[in-house]
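Student: My questions all concern the structure below.
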Amino acid sequence: MPAFPETFLWGTATAAYQVEGAWNEDGRGPSIWDTFSHTPGLVTGGDTGDVACDHYHRLEEDLDHLAALGVGAYRFSISWPRVQPGGRGPVNGPGLDFYQRLVDGLLARDIAPVGTLYHWDLPQELEDAGGWPNRDTARRFAEYARLMGEALGDRVRTWITLNEPWCSAYLGYASGVHAPARTEPAAALAALHHLNLGHGLAVQALRSTAAKGAQMSVTLNLHHVRGVSERDADAVRRADGLANRAFLGPMLEGAYPRDLIADTASVTDWSFVRDGDEATACQPLDVLGVNYYNPTLVRQWDGDGARETADGHQDGATSPWIACEDIEFVKQPGPYTEMGWNIDETGLTELLLRLHRDYPDLPTMITENGAAFPDQVSPDGRVRDLDRVDYLHRHLSAVNEAITAGADVRGYFVWSLMDNFEWAHGYAKRFGILRVDRETMERTWKDSAHWYRDVVAAGKLPS
Ligand code: FCB
């Protein structure tokens, strides 16, 4: 297998609510995830992000781990309610100061800061005013983007507006397994639109405030959708519409797909899309962020027996797949990670090649890829997570294959730098290449961290 390109960006990723803790310190306001995790019964084990990995107080130590890993980039997210507590008004200085130190600390270690503006932690006040289904949230998001562009735009190398708006819209507002735990399919589609619109407005705000060379991006959890047989082509088309083209359409082509609007006509008339919105959502991007964990398998449902819903996103009161009651999400063959997600790296190669085919001028970057496994600590303190090493190896090979076949893939970020708060699963699922002891907060390098350091140093996979 060839080496990765010289300029390939190697990194790791985290998100604010999952690692920072310090949930009510230095003027931070509450987010929808504080509300969610503080609601009994919503998170496994009653876990919250109150302390998380205590990253807020262990910044220097964590930056040193990144430097020791030798990565060229670090993807973090900014907690909106930490820097703008109610989602509007002036910047909260002490909160912003944390990100100033983070960005400067990265640059001092020669690590490129890749900043995500929104990794799901909407200020609770904005949710109280209607949340993402409310158009004004897109405006508020643009204002927040402008403030961050002014404060950090001279040093952040790549800006990612949103992380996985699929989850924000469908898991937050349709199936309700994520904050703000609403189960309103029509509102979910309005949320989806205002996320797309907010993305476009935020890119405009960042372009006018950030340094000239700063790259603009968005991270999508694109689904590589396959059908069980050729008879399932229409089910594939519909799932692909909701999962992928609902975002790629407005953001990259300036229009929602006609078939998506027709497919969801029983739920909404899409009148929340105003003239000019799609053009606003469609801002030139420098690179597209792709999060990939596993592919999706669908089948047209004949109405007999129990309908399969194994889409990997937890069953909620309602389905995140709006107007797909006659489509089954079929359990795929193993092996599986601890999330129950099947391990199939071929979907990543195929997805990257599809993007290259559809958008040949837009480079991609894997902004998340990784796996949870039930890690064991050996008596000698070592975590021999060979299953994770194997997962990462397979997926990096898949990226390499896509590059060899012509795709312009610029980088790869392991999810995650360290074990953290895995949303509704709490701390039960460990994705880190660094282990975090829940009692002492001590960080230990798993075997995968040593392996990744060697890969980064060599710029290629071991044979
Ligand atoms: C993605 C999220 C990330 C993490 C991984 C496992 O959907 O963006 O925060 O939870 O899944």
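The values are calculated or read from the model by the stated rules, or taken from the named source; none is laboratory data. Source: prediction; values computed, not measured. Here the Cβ positions follow ideal geometry from the backbone for every residue, glycine too, while neighbour counts run over all protein chains shown. Quick note on the areas: whole protein, heavy atoms, side chains included, nothing else; ligands and nucleic acids left out. Shrake-Rupley method; radii C 1.70, N 1.55, O 1.52, S 1.80 Å.
Student: Which condition number does residue 310 fail, the rest of (1) open to solvent by 20 Å² or more (accessible area, probe 1.4 Å); (2) in contact with a strand residue (DSSP E or B) (Cβ under 9 Å, 6 or more places away or on another chain); (3) within 29 Å of residue 115 (Cβ to Cβ) being met?
Tutor: Unmet for residue 310, out of (1) open to solvent by 20 Å² or more (accessible area, probe 1.4 Å); (2) in contact with a strand residue (DSSP E or B) (Cβ under 9 Å, 6 or more places away or on another chain); (3) within 29 Å of residue 115 (Cβ to Cβ): (3).
Student: Only one of 178, 223, 199 is open to solvent by less than 20 Å² (accessible area, probe 1.4 Å), farther than 19 Å from residue 264 by Cα and out of contact with any Gly (no Cβ under 8 Å at 6 or more places or on another chain); which?
Tutor: Within the list 178, 223, 199, the selection yields 199.
Student: Is there a residue being farther than 16 Å from residue 194 by Cα, open to solvent by less than 20 Å² (accessible area, probe 1.4 Å) and part of a loop (DSSP other than H, G, I, E, B) anywhere in the range 259-277?
Tutor: Taking every residue of the range 259-277 in turn, at least one turns out to be farther than 16 Å from residue 194 by Cα, open to solvent by less than 20 Å² (accessible area, probe 1.4 Å) and part of a loop (DSSP other than H, G, I, E, B).
Student: Please go through the range 403-420 and pick out each residue that is more than 20 Å from the chain's Cα centre (by Cα) and either surrounded by 23 or more Cβ atoms within 10 Å (Cβ to Cβ) or of a type in the set (Ser, Thr, Tyr) (or both).
Tutor: Within the range 403-420, 404 is the sole residue that qualifies.
Student: Considering only residues that are in contact with a Lys or Arg (Cβ under 7 Å, 6 or more places away or on another chain), within 16 Å of the ligand (Cβ to nearest atom) and either among the β-branched types (Val, Ile, Thr) or without any contact (Cβ under 8 Å) to a residue 60 or more places away in the chain (or both), which ones fall in the range 373-402?
Tutor: Correct list: 373 only.
Student: Hey, among 226, 238, which residue is out of contact with any His (no Cβ under 8 Å at 6 or more places or on another chain), among the basic types (Lys, Arg) and in a helix (DSSP H, G or I)?
Tutor: 238
Student: Oh, and also: Within 26 Å of residue 19 (Cα to Cα), among the hydroxyl-bearing types (Ser, Thr, Tyr) and open to solvent by 40 Å² or more (accessible area, probe 1.4 Å), is that true of residue 444?
Tutor: The answer is yes for residue 444.
Student: Check the range 274-288 and report whether any residue there is within 16 Å of the ligand (Cβ to nearest atom) and under 30 Å from residue 392 (Cα atoms).
Tutor: Yes, the range 274-288 contains a residue that is within 16 Å of the ligand (Cβ to nearest atom) and under 30 Å from residue 392 (Cα atoms).
Student: Any residue at all in the range 426-441 that's of a type outside the set (D, E, K, R), touching a residue at least 12 places away in the same chain (Cβ under 8 Å), within 11 Å of the ligand (Cβ to nearest atom) and at positive phi?
Tutor: Within the range 426-441 (the criterion being of a type outside the set (D, E, K, R), touching a residue at least 12 places away in the same chain (Cβ under 8 Å), within 11 Å of the ligand (Cβ to nearest atom) and at positive phi), the answer is no, since none of the residues qualifies.
Student: If residue 178 meets every condition in (1) more than 16 Å from the ligand (Cβ to nearest atom); (2) assigned to a loop (DSSP other than H, G, I, E, B) apart from one, which number is that one?
Tutor: Of (1) more than 16 Å from the ligand (Cβ to nearest atom); (2) assigned to a loop (DSSP other than H, G, I, E, B), only one is false for residue 178: (1).
Student: Right, here's the next one. Examine the range 393-413 for a residue that is touching a Cys at 6+ places or on another chain (Cβ under 8 Å), under 21 Å from residue 59 (Cβ atoms) and not in a loop (DSSP other than H, G, I, E, B), and state whether such a residue exists.
Tutor: Scanning the range 393-413, I find no residue that is touching a Cys at 6+ places or on another chain (Cβ under 8 Å), under 21 Å from residue 59 (Cβ atoms) and not in a loop (DSSP other than H, G, I, E, B), so the answer is no.
Student: Consider only pairs whose beta carbons are under 9 Å apart and that are at least six residues apart or on different chains; among these, list those whose first residue lies in the range 160-171 and is more than 18 Å from residue 284 (Cα to Cα) and open to solvent by 10 Å² or more (accessible area, probe 1.4 Å) and whose second residue is near the ligand (Cβ under 9 Å from one of its atoms) and in a strand (DSSP E or B).
Tutor: Close Cβ pairs satisfying both conditions: 164/219; 164/291; 164/368.
Student: Being within 16 Å of the ligand (Cβ to nearest atom), in contact (Cβ under 8 Å) with a residue 60 or more places away in the chain and part of a loop (DSSP other than H, G, I, E, B) is the filter here, so list the residues in the range 290-320 that pass it.
Tutor: 292, 293, 295, 313, 314, 316, 320
Student: Here is a follow-up. With the structure loaded, tell me whether residue 370 is within 14 Å of the ligand (Cβ to nearest atom) and either out of contact with any His (no Cβ under 7 Å at 6 or more places or on another chain) or open to solvent by less than 10 Å² (accessible area, probe 1.4 Å) (or both) or whether it fails that test.
Tutor: yes
Student: Another question, if that's okay. Yes or no: the range 120-130 includes at least one residue that is surrounded by fewer than 24 Cβ atoms within 10 Å (Cβ to Cβ), closer than 29 Å to residue 272 by Cβ, touching an Asp or Glu at 6+ places or on another chain (Cβ under 9 Å) and among the polar types (S, T, N, Q).
Tutor: Scanning the range 120-130, I find at least one residue that is surrounded by fewer than 24 Cβ atoms within 10 Å (Cβ to Cβ), closer than 29 Å to residue 272 by Cβ, touching an Asp or Glu at 6+ places or on another chain (Cβ under 9 Å) and among the polar types (S, T, N, Q), so the answer is yes.
Student: Looking only at the range 140-185, how many residues end up being farther than 30 Å from residue 104 by Cβ and of a type outside the set (Val, Ile, Thr)?
Tutor: 17
Student: Can I ask one more? Are any of the residues in the range 398-417 of a type in the set (Ser, Thr, Tyr) and under 30 Å from residue 283 (Cβ atoms)?
Tutor: Yes, some residue in the range 398-417 is of a type in the set (Ser, Thr, Tyr) and under 30 Å from residue 283 (Cβ atoms).
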